[in-house]
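**Q** To start, I am sharing the structure in question, which I have written as structure tokens.
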Amino acid sequence: MLGLGCAVELGQLGQQLRRPVGLLLALLGQFVAMPLLAFLLALIFALDEVAAVAVLLCGCCPGGNLSNLMSVLVDGDMNLSIIMTASSTLLALFLMPLCLWVYSRHWINTTLVQLLPLGAVSLTLGSTLLPIGLGVLIRYRHPRAADLLVKISLWSLLVTLVILFILTGTMLGPDLIAHIPASVYAIAVLMPLAGYALGYGLATVFKMPPHCRRTVSLETGCQNVQLCTAILKLTFPPGLIGGMYMFPLLYALFQSAEAGLFVLAYKMYGRDSYKQDTLGEEEDTDISYKKLKEEEVADTSYGTVTTEEHNSIQMEPTQTAL
């Protein structure tokens with residue numbers, strides 16, 4: 001969260017408030033599409049209340065920092081990515097408890113849902129505002145230090161995810177297979193994949209350019225699983241939530257793997273078209289510049305030089321439009 005705050009510039013926030021496309025996309029993607037998707041998957045796979053709450057909680061989380069790193073790798077719009085992540089994190093303070101309350105009504109008669117600690121969820125979310133605000137202050141006062149912290153946060157996220165996956169696989173692999181049903185594994189695979197597709201479709205509806213579509217796709221499918229894990233561990237009784245506190249880790253595993261495939265496919269097939277589009281934009285700019293220079297020469301000429309047969313040079317006045 002500190003690294004996310006260091007990536008936000010106050011000038012960009014002002015621009016987003018004047019033209020809040022990133023804010024709107026974050027709202028629709030993270031708090032309309034993803035919670036509804038999590039609710040439908042929980043119904044389709046007939047999950048019990050414990051698994052359903054874990055899936056809903058993950059679906060209602062804001063965007064994660066993983067999307068910022070992946071956006072760099074697919075030549076996305078980094079400003080849009082950062083604004084969407086920051087906006088969804090701030091909006092989650094109010095909308096995440098609301099979404100949990102709305103979508104948990106189907107399991108309202110269960111003990112776990114009746115004990116759903118919406119106040120504790122809001123408190124945990126509120127605690128993220130402190131490092132974000134500190135990061136914004138560092139960016140405002142010390143831009144170079146903020147750039148360094150952004151790089152440290154992104155790469156530390158990548159390294160810690162890899163270490164976490166290795167340790168989980170070696171230490172908790174058998175327990176995960178024994179205690180988590182196959183339907184939950186299926187949701188962990190399908191949910192980020194559907195989120196990426198929904199994000200890309202949402203950006204297409206808004207008629208955004210290809211690099212922005214890739215950014216919105218990654219922002220929608222990547223959830224803040226660290227926050228989801230913290231909420232499950234800090235706000236629910238361990239005896240009730242059981243092994244389902246591991247669901248965010250499963251989601252992180254599959255969202256990272258699928259995002260990695262997204263990046264690999266782009267590197268293999270999409271990068272050339274991106275270069276051609278960029279080159280085409282530069283050529284258009286050059287042509288426009290040449291035309292502009294020709295028009296300037298035509299408008300500012302006060303006469304033309306003509307050569308006659310006996311090597312004489314004559315100036316012929318021409319009319320200049322005012």
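**Q** Can you tell me the dipole magnitude for segment 1-115 around its Cα centre, using point charges on the Cβ only (Lys, Arg +1; Asp, Glu -1), in Debye to the nearest 20? Don't skip to the end; give the middle numbers.
**A** Working: 3 positive and 5 negative charges, 55 e Å.
Value, rounded to 20: 260 debye.
**Q** Something else now. Would you please give the FRET efficiency between residue 109 and residue 257, computed as 1/(1 + (r/R0)^6) with r the Cβ-Cβ distance and R0 = 35 Å, to the nearest 0.05? Can you show the working numbers first?
**A** Values: r = 36 Å, r/R0 = 1.04.
It comes out at approximately 0.45.
**Q** Report the gain in length on full extension from residue 171 to residue 233: 0.36 nm times residue separation, minus Cα-Cα distance, nm rounded to one decimal.
**A** Values: separation 62, 0.36 × 62 = 22.32 nm, distance 1.89 nm.
My answer for the length gained is 20.4 nm.
**Q** Order these peptides, 214-224, 57-67, 125-135, by their mean beta-carbon neighbour count within 10 angstrom, highest first.
**A** So the order, starting with the most tightly packed, is 214-224, 57-67, 125-135.
**Q** Around residue 71, what is the net charge, scoring Lys/Arg as +1 and Asp/Glu as -1 over all other residues with Cβ under 13 Å from its Cβ?
**A** Values: positive: 213, 214; negative: 75, 77, 219.
Summing Lys/Arg as +1 and Asp/Glu as -1 gives -1.
FYI, it's all coordinate maths here, none of it is from the lab. Keep in mind the model is a prediction, meaning the values are calculated, not measured. Every residue, glycine as well, gets a Cβ built from its backbone with ideal geometry; the counts of neighbours run over all protein chains shown.
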